[in-house]
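Every number here is computed from the coordinates shown, using simple stated rules; none is lab data. All values derive from a computational prediction rather than experimental measurement. Cβ placement follows ideal geometry from the backbone for every residue including glycine, while neighbour counts extend to all protein chains displayed.
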Amino acid sequence: MCFIAIAAPAPAQFYDLDGAYHCLTKGDASCPGEADVPPPAPPPPPPHIGPTMDSVIADIRVQRVTPADMQLLEEHAGNKEPRAVEALAWCKLYGLGAPADPLAAYFLYGEAARLGVPNAQANQVAIFETRLTQAQRQYVLMKLQTGH
């Protein structure tokens, strides 16, 4: 027994290239208009220019802090952002982005402790005991006595 399969021909699709050309060159009511064309997508937002807190923290870790990093840290620390206050204290203590200033680091760690940063109080005590000069310790004690 022999079976012969006969397939039905696939329907052909035809495009009217002449009609498309006509719309490009002459246009009339049967051609799609500008209202039928969707508007172009808006351009993507420009990339962020300048440092972010994440990029500043990365720069601190590799000890390559830029002036722009320091400016961002100072701005965020001025707004009492705990992460920025702690990072700025670290930079001041180790002289990253500016000359080392253990006295400023001491006060910044105190601020970080008030903002709830873990271990900030212990860091402040360690700075007092090991990094401040005798004159700086006297200054800190005077400030604590007067409440300033």
Per 0.36 nm of contour for each residue apart, how much would the distance between GLN71 and TYR94 grow if the chain were fully extended, relative to their Cα-Cα spacing? 6.6 nm
Once both label points are put 7 Å beyond Cα along the C-beta direction, the ARG137-ALA104 separation in nm becomes 2.4
Between ARG61 and ARG114, how high is the FRET efficiency from 1/(1 + (r/R0)^6) when r is the Cβ-Cβ distance and R₀ = 30 Å? Nearest 0.05. 0.75
Which ³J(HN,Hα) values, rounded to whole Hz and listed in residue order, are derived for segment 135-148 from phi using the Karplus coefficients 6.51, -1.76 and 1.60 in 6.51 cos²θ - 1.76 cosθ + 1.60 with θ = phi - 60°, glycine and proline given as x? 5, 5, 4, 4, 4, 4, 4, 5, 4, 5, 5, 8, x, 9
Please turn the phi angles of segment 53-62 into ³J(HN,Hα) values with the Karplus equation 6.51 cos²θ - 1.76 cosθ + 1.60 (θ = phi - 60°), one per residue in order, whole Hz, x for glycine and proline. 4, 5, 6, 5, 4, 4, 5, 4, 4, 9
